[in-house]
């Protein structure tokens, strides 16, 4: 059967499968993104090269829209305010989760670029999983929830830059001082130009945007800006995701980010599952793990590092001892950003990184649910 001749039928079956696995995982109170990854692993052997390419193209749009919507939440004033509040904890987070994970991977035998990718995979807590569980547990509007959201936002700001650096390094092929400086200069240039456009171009379009918000051509403008910024970033050998994020930030200055988000989100929800599904198809079961010892060490550190950041970061933020413990046990899950960065790795690392992401996601969900009980027990034992 030539699936390209039955595109609508195959597409309909794909969406139906996404529906079923997402429904099952949500009934089990597990993240939907893992459902799509597992489905990709299960069906990878049934897809031809042309079908993989179609999935890949759709997935690119989905992940680009995710970062574009992320940027819509961050007008310049909010960026500055959040950075001031949590920068100390954010730097600690980068140092322990990215920095130490990178060093461990390098000392355990991975080459420099592979170790950097592993550090990136280890860095960010999953925003989608965490926020969903905070809402379900009614802990979103607590001081603990406020701290977690602030830290997640800091990670959301750092992740596009980190992805762009890693994309640039994979393009260069080697990590040298000159390659890092070139990528840094490109990131600064693109960010600076975007800020200027936000302040002096799109900031002046608020009346136009509000007047025509209900018209069908406004979404066309939004997607056009996202694709153009993403394309410019790619032309500079940076990540298109940084360009999409900056596009969202630029458009947020028009004051219609909430309205645009409501329009673009359904398109993102339809296309983003293809990204996680595509990642699953890159994981070839049976090829073995590159280094089981390294995987074990990095998984243990993944738990320890986030516990340190959550607890001490919470104390720095002003949380009580018990609230800081709850925060610490609720930050272990990795997710969408880890998958994005893992997709940059060479094929032989796909099983290693896939297991890392799946295990940390499951462990994170378990510890999040048990966080209040663990915090209560530890506080009682220590007399706090």
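If only one of 236, 242, 251 is crowded, with 24+ Cβ neighbours inside 10 Å, closer than 19 Å to residue 185 by Cα and touching a residue at least 24 places away in the same chain (Cβ under 8 Å), which one is it?
Selected residue: 242, the only one of 236, 242, 251 that is crowded, with 24+ Cβ neighbours inside 10 Å, closer than 19 Å to residue 185 by Cα and touching a residue at least 24 places away in the same chain (Cβ under 8 Å).
Restricting attention to region 153-172, does a residue exist that is assigned to a loop (DSSP other than H, G, I, E, B) and either in contact with a strand residue (DSSP E or B) (Cβ under 7 Å, 6 or more places away or on another chain) or touching a residue at least 40 places away in the same chain (Cβ under 8 Å) (or both)? No, because not a single residue in region 153-172 is assigned to a loop (DSSP other than H, G, I, E, B) and either in contact with a strand residue (DSSP E or B) (Cβ under 7 Å, 6 or more places away or on another chain) or touching a residue at least 40 places away in the same chain (Cβ under 8 Å) (or both).
Residue by residue, here is whether (1) crowded, with 19+ Cβ neighbours inside 10 Å; (2) at pLDDT below 85; (3) more than 20 Å from the chain's Cα centre (by Cα) holds:
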residue	(1), (2), (3)
8	no, yes, yes
13	no, no, yes
26	no, no, no
45	no, yes, yes
49	no, yes, yes
62	yes, no, no
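Listed by first and then second residue, the pairs linking a residue in region 27-40 that is in a helix (DSSP H, G or I) to a residue that is at pLDDT below 85 and buried (at least 21 other Cβ atoms within 10 Å of the Cβ), with Cβ atoms under 7 Å apart and 6 or more places separating them unless they lie on different chains, are 33/335; 33/336.
If the condition is being within 20 Å of the chain's Cα centre (by Cα) and either free of Cβ contacts under 8 Å to residues at least 60 places away in the same chain or more than 30 Å from residue 383 (Cβ to Cβ) (or both), then region 318-332 contributes 328, 329.
A residue that is in a helix (DSSP H, G or I), under 24 Å from residue 313 (Cβ atoms) and more than 19 Å from the chain's Cα centre (by Cα) occurs somewhere in region 105-118. Residues that are surrounded by 12 or more Cβ atoms within 10 Å (Cβ to Cβ) and more than 31 Å from the chain's Cα centre (by Cα) within region 209-218 comprise just one, 212.
If you go through region 79-89 one residue at a time, do you hit one that is closer than 25 Å to residue 204 by Cα and without any contact (Cβ under 8 Å) to a residue 12 or more places away in the chain? Yes, there is a match, as at least one residue in region 79-89 is closer than 25 Å to residue 204 by Cα and without any contact (Cβ under 8 Å) to a residue 12 or more places away in the chain. Quick check: anything in region 93-111 closer than 26 Å to residue 252 by Cβ and either modelled with pLDDT under 90 or out of contact with any helix residue (DSSP H, G or I) (no Cβ under 8 Å at 6 or more places or on another chain) (or both)? No, there is no match, as no residue in region 93-111 is closer than 26 Å to residue 252 by Cβ and either modelled with pLDDT under 90 or out of contact with any helix residue (DSSP H, G or I) (no Cβ under 8 Å at 6 or more places or on another chain) (or both). Is it fair to say residue 315 is assigned to a helix (DSSP H, G or I), in contact with a helix residue (DSSP H, G or I) (Cβ under 7 Å, 6 or more places away or on another chain), without any contact (Cβ under 8 Å) to a residue 12 or more places away in the chain and closer than 13 Å to residue 147 by Cβ? The answer is yes for residue 315. Condition check: in contact with a helix residue (DSSP H, G or I) (Cβ under 8 Å, 6 or more places away or on another chain) and either part of a helix (DSSP H, G or I) or crowded, with 24+ Cβ neighbours inside 10 Å (or both). Does residue 224 satisfy that? Taking the combined requirement at face value, the residue does not satisfy it.
Taking the residues in region 211-221 that are in a helix (DSSP H, G or I) and touching a helix residue (DSSP H, G or I) at 6+ places or on another chain (Cβ under 9 Å) as candidates, determine which candidate is nearest to residue 264 (Cα to Cα). Explain how you work it out, then say what you get.
We begin by selecting, within region 211-221, every residue in a helix (DSSP H, G or I); these are 211, 217-221.
Next, from what is left, pick out any that are touching a helix residue (DSSP H, G or I) at 6+ places or on another chain (Cβ under 9 Å): 218-219, 221.
Working: 218: 11, 219: 7, 221: 12 Å.
That would be 219.
The values are calculated or read from the model by the stated rules, or taken from the named source; none is laboratory data. All values reported here derive from a predicted model rather than from experimental measurement. No Cβ is skipped: glycine too gets one built from the backbone with ideal geometry, and neighbour counts run over all protein chains shown.
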